[in-house]
Amino acid sequence: MITKDSNRDIHHHPGLRERKAAQTKVALMNAFLEQLETKKLDEIAVKTVCERIPVSEVTFYNYFPRKTDLLSFHLRLWSVQAQWGCARARLEGLEAVRYLYRTMAEGIDRRPHLLNEAVTFFSWNGEATLQPLTVAEAMAAFPTLEGIGEFRSVPIPALLRERFEEARELGEVPSSLDVDRWLPAALTIFFGAPLAMGWTGGTSLATEYSRQLDVLLESMSRDEHRR
């Protein structure tokens, strides 16, 4: 099951105003992420982010009422990019699940401080409420990824749920599996492993993700066979 938006017109070509707005939002996000490489969230001034584009603070708040909305925007873009990667590689079910975790691990390896800050925020607060990504925003963020505008942004819990449900349909996990019952454990791994690795060090995050997913899948199978 590829998470495309069936309501989108894949031949839609955003207008100039829409493209410029999308480019500004992506530029603000990138400027913010650069700051987050070396600073904590509460140390970053909106004024400083705006000066790097440059745009006014009024423009910033028109797009992002709170600084934390930039983190949500970033994760929504990650969701679209990850789904594009799954579709391009024709990954389904558990292969797609593992790809999502592996892709997040690669992102954290590239920007450990940035993504650990995001993981900490969203593990406590959930994802901020934003409008779904537009075709123009996806294309502005990933101009070289052909067809990226076909995919809709999906919150991480829903994205993982869809992939585990797909694995059940494919017979990769027990047909009786209650995905919602196991979703909290999958999310605990997704959000908790990066924090734990930051405290304890050890193997790579990709390796730790893989190990914990193996344990989770074994527990799913064993538990469902006992029921």
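The values are calculated or read from the model by the stated rules, or taken from the named source; none is laboratory data. Only a predicted model underlies this, so the values are computations on that prediction, with no experimental measurement involved. Here the Cβ is made from the backbone with ideal geometry for all residues, glycine too, and neighbour counts use every protein chain on show.
Residues in the range 149-164 that are modelled with pLDDT of 95 or more and in contact with a Gly (Cβ under 9 Å, 6 or more places away or on another chain): 2 in all.
Got a sec? Which of L145, L217, L183 is on the phi < 0 side of the Ramachandran plot, assigned to a helix (DSSP H, G or I) and touching a residue at least 60 places away in the same chain (Cβ under 8 Å)? Even if it seems obvious, please write down each step before you answer.
Values: L145 fails: assigned to a helix (DSSP H, G or I); L183 fails: touching a residue at least 60 places away in the same chain (Cβ under 8 Å).
That would be L217, the only listed residue that is on the phi < 0 side of the Ramachandran plot, assigned to a helix (DSSP H, G or I) and touching a residue at least 60 places away in the same chain (Cβ under 8 Å).
If you go through the range 84-108 one residue at a time, how many are in contact (Cβ under 8 Å) with a residue 60 or more places away in the chain and not hydrophobic (A, V, I, L, M, F, W, C)? Even if it seems obvious, please write down each step before you answer.
Going through the range 84-108, the residues in contact (Cβ under 8 Å) with a residue 60 or more places away in the chain turn out to be 84, 86-87, 92-94, 96-98, 100-102, 104-106, 108.
Those left that are additionally not hydrophobic (A, V, I, L, M, F, W, C): 92-93, 98, 101-102, 106.
Looking only at that region, the number is 6.
Kindly check whether there is at least one residue in the range 174-190 that is small (G, A, S) and at pLDDT below 85. No, the range 174-190 contains no residue that is small (G, A, S) and at pLDDT below 85.
How many of the residues in the range 29-54 are in contact with a Phe, Trp or Tyr (Cβ under 6 Å, 6 or more places away or on another chain) and within 15 Å of L77 (Cα to Cα)?
To start, the set of residues in the range 29-54 that are in contact with a Phe, Trp or Tyr (Cβ under 6 Å, 6 or more places away or on another chain) comprises 29, 46, 49-50.
Still in the running and within 15 Å of L77 (Cα to Cα): 29.
Qualifying residue count, the range 29-54: 1.
Could you please let me know if A140 is modelled with pLDDT of 95 or more and outside any loop (DSSP other than H, G, I, E, B)? For A140, the condition - modelled with pLDDT of 95 or more and outside any loop (DSSP other than H, G, I, E, B) - is met. Just so you know, in the range 1-44 the residues that are touching a helix residue (DSSP H, G or I) at 6+ places or on another chain (Cβ under 8 Å) and hydroxyl-bearing (S, T, Y) include one that is modelled with the lowest pLDDT, and it is T3.
Limited to the range 152-180, what total is found for residues that are under 16 Å from A96 (Cβ atoms) and either hydroxyl-bearing (S, T, Y) or part of a helix (DSSP H, G or I) (or both)? Residues that pass the stated criteria total 15. Among the residues making up the range 61-116, those that are surrounded by fewer than 22 Cβ atoms within 10 Å (Cβ to Cβ), on the phi < 0 side of the Ramachandran plot and outside any helix (DSSP H, G or I) are P65, R66, K67, L91, E92, R111.
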